[in-house]
Amino acid sequence: MISETTAQTIYPPNFTLQPQFVAVLGHRIAYFDEGTGSKPILLLHGNPVSAYVYARLIQRLAPDYRCIAPDLLGFGLSDKPAQEADYSLPRHIAIITEFVRALDLQDVALVVHDWGGPIGLGTAVQEKERYTHLIILNTLNEPVMRLAPAYKLPFHILARTPRLASYLIRQKGLFQKMGVAVMDEADQQVYFRANPTPETRAGIAAFPKMIPYHAHHPTTPIWRDILAQVEMWDIPALVMFSDHDSVFRVEEGERLAQRLVNARFKRIAGPKHFLQYQAPEKLAVEIKQFLRESHR
């Protein structure tokens, strides 16, 4: 187990959100819990960031809602097991499921992005009675992920050479550097400080290997089942994809919204992958309107 990371070691001096901690399935999970509204919004991040990626959005939602954003296992201030085998999609889902139970969250609006999609949706379909709304940002959207042409060759090379992939991601920090390159330098440093060594990057290295890029991948049946349940679920859903993401295309978000029973789609013009970071004001406006209009 990696030694504890403290808020003072990774966040900027003027950062106002205060992390809290809860024990979940033998791990210390960090989370933000901001706002005094009665309606909880649960926000789940992806790779290679942390709940910090939602800070700008939380600041805009907290005056009206209670915003809860956990750091996934291996990220932010949460525990970071050093073995990639300690991370899997079912394990992440189990931890967030128990996190929701530990806080006894009810009447939840769920916001998911990137790997937060499979994890959050996989959590929600297990206890649907806790959730009232889904807000789905750029994330996996089909049982088998369609790789953008620019990523196909390098991804297949790394998929067939797992030791090389682990070396580049853990020893060289390649995925971190590429993943947050669009962010301000000060914000990039938050993520570098949270996962500064090869031992702390096991969770980052594990996620690419979970991508269901072909029908026989071990993650594919898990994600296919989750997605099928979500597509049959009569719950108000807002799907928002940005139009400059090189990983998830806006057309994929539109198709996902069409497959859901009770969904609307919103194209967010301008941002790349991290739309909650690059366009927090736009997202806050859309989320508030959605929650007001679809209250049940």
Next on the checklist: It is to be established whether one or more residues within the range 219-235 are farther than 23 Å from M145 by Cβ and modelled with pLDDT of 95 or more.
Outcome noted: yes
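Tell me which residues, restricted to the range 128-180, are outside any loop (DSSP other than H, G, I, E, B), β-branched (V, I, T) and either closer than 30 Å to Q229 by Cβ or touching a Ser or Thr at 6+ places or on another chain (Cβ under 6 Å) (or both). Can you show your working first?
So in the range 128-180, the residues outside any loop (DSSP other than H, G, I, E, B) come out as 128-137, 149-160, 162-171, 174-179.
Retained after the next criterion (residues that are β-branched (V, I, T)): 132, 135-136, 157, 169.
Of everything in the range 128-180, those that are outside any loop (DSSP other than H, G, I, E, B), β-branched (V, I, T) and either closer than 30 Å to Q229 by Cβ or touching a Ser or Thr at 6+ places or on another chain (Cβ under 6 Å) (or both) turn out to be T132, I135, I136.
Condition check ((1) touching a helix residue (DSSP H, G or I) at 6+ places or on another chain (Cβ under 9 Å); (2) under 30 Å from T6 (Cα atoms); (3) surrounded by fewer than 19 Cβ atoms within 10 Å (Cβ to Cβ)) across all residues:
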| position | (1), (2), (3) |
| --- | --- |
| I204 | yes, yes, no |
| P212 | yes, no, no |
| I222 | yes, no, no |
| A228 | no, no, yes |
Checklist entry - Got at least one residue in the range 106-117 being outside any helix (DSSP H, G or I) and more than 25 Å from F274 (Cβ to Cβ)? => result yes
Checklist entry - Of the numbered conditions (1) buried (at least 24 other Cβ atoms within 10 Å of the Cβ); (2) aliphatic (A, V, I, L, M); (3) in contact with a helix residue (DSSP H, G or I) (Cβ under 8 Å, 6 or more places away or on another chain), A51 satisfies every one except a single condition; which is it? => result (3)
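Which one is nearest to T200 (Cα to Cα), of the residues in the range 24-54 that are among the small types (G, A, S) and part of a loop (DSSP other than H, G, I, E, B)?
Taking the range 24-54 as the starting set, the residues that turn out to be among the small types (G, A, S) are 26, 30, 35, 37-38, 46, 50-51.
Checking the rest, the ones that are also part of a loop (DSSP other than H, G, I, E, B) come to 26, 35, 37-38, 46, 50.
Working: G26: 17, G35: 31, G37: 35, S38: 36, G46: 16, S50: 13 Å.
It comes out as S50.
Taking G173, is it more than 25 Å from G253 (Cα to Cα), touching a residue at least 24 places away in the same chain (Cβ under 8 Å) and surrounded by 13 or more Cβ atoms within 10 Å (Cβ to Cβ)?
yes
The values are calculated or read from the model by the stated rules, or taken from the named source; none is laboratory data. It should be emphasised that the depicted structure is a prediction, and the values quoted were computed from it without experimental measurement. Glycine also receives a Cβ, built like all others from the backbone with ideal geometry; neighbour counts cover every protein chain displayed.
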